[in-house]
Each structure stands twice: as structure tokens, then as C-alpha cells.
1. Would you mind finding the one in Thr69, Thr26 that is among the hydroxyl-bearing types (Ser, Thr, Tyr), surrounded by 12 or more Cβ atoms within 10 Å (Cβ to Cβ), outside any loop (DSSP other than H, G, I, E, B) and modelled with pLDDT of 95 or more?
2. Scan the stretch 43-53 and tell me whether some residue there is assigned to a helix (DSSP H, G or I), of a type outside the set (D, E, K, R) and modelled with pLDDT of 90 or more.
3. Would you mind finding the one in Thr77, Thr38 that is surrounded by 10 or more Cβ atoms within 10 Å (Cβ to Cβ) and at pLDDT 85 or above?
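The values are calculated or read from the model by the stated rules, or taken from the named source; none is laboratory data. Predicted, not measured: the structure shown is a model, and the values here were computed from it. With ideal geometry, Cβ positions are generated from the backbone for all residues, glycine too; neighbour counts draw on all protein chains shown.
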Amino acid sequence: MRTGISNHKHIEIFFLSPNIQMYLYTSLYVVLLFVLLTPGVLLRLPPNGGKLTVAVVHGLVFAVVLHFTYKAVKRLTYEGFKVDEEFEEEEKKY
């Protein structure tokens, strides 16, 4: 007896659309960068600074690294996906 849902359609539910995959990969990059630049994971700047000073410096390091690498990561992430015209127009703004 058939339930009305073919196996093929049931499997499609588990695959994400290309747009969602692109945003997911970019978001994962930002999260990974944040974790790696958490004080004490890769580095601690300044070495003998107080908690607030270290937090502010690491926040600035995160912002600078993200600023200079985000576009490159975004392009690399989106390279393998089909991009619709609306997204291309949005990219031209930046």
C-alpha cells in the first residue's frame, strides 16, 4: 500500500537549497573565525593585559580579519553554486 509520498520526494527534504547552503558555509566561516580568535585559543593579545583589554583587542582583531577576508570567502563559497540575477545585482552594490 502506498502512502502517497515517493521515496525520491522524501529524500529531497533533507537536501538544502543552494542559497541556504551558501549562507550556511559563510556563517560557518564567521563562527569558526570567532572561535579561533577567542582569547587563548590561537593567541592572547596583549599577553599580560586585563580581561577587558584582551576582550577589546580580540574584538578588534576579529573585526579587521573579518573585514578583509569576508568578500574572498563569500566569493569562494558561492563559486560552486548557480547564482540568480537578483543576487548578482545585490553584489554590485557592495
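1. The match here is Thr69.
2. Checking the stretch 43-53: at least one residue is assigned to a helix (DSSP H, G or I), of a type outside the set (D, E, K, R) and modelled with pLDDT of 90 or more.
3. Among Thr77, Thr38, only Thr38 is surrounded by 10 or more Cβ atoms within 10 Å (Cβ to Cβ) and at pLDDT 85 or above.
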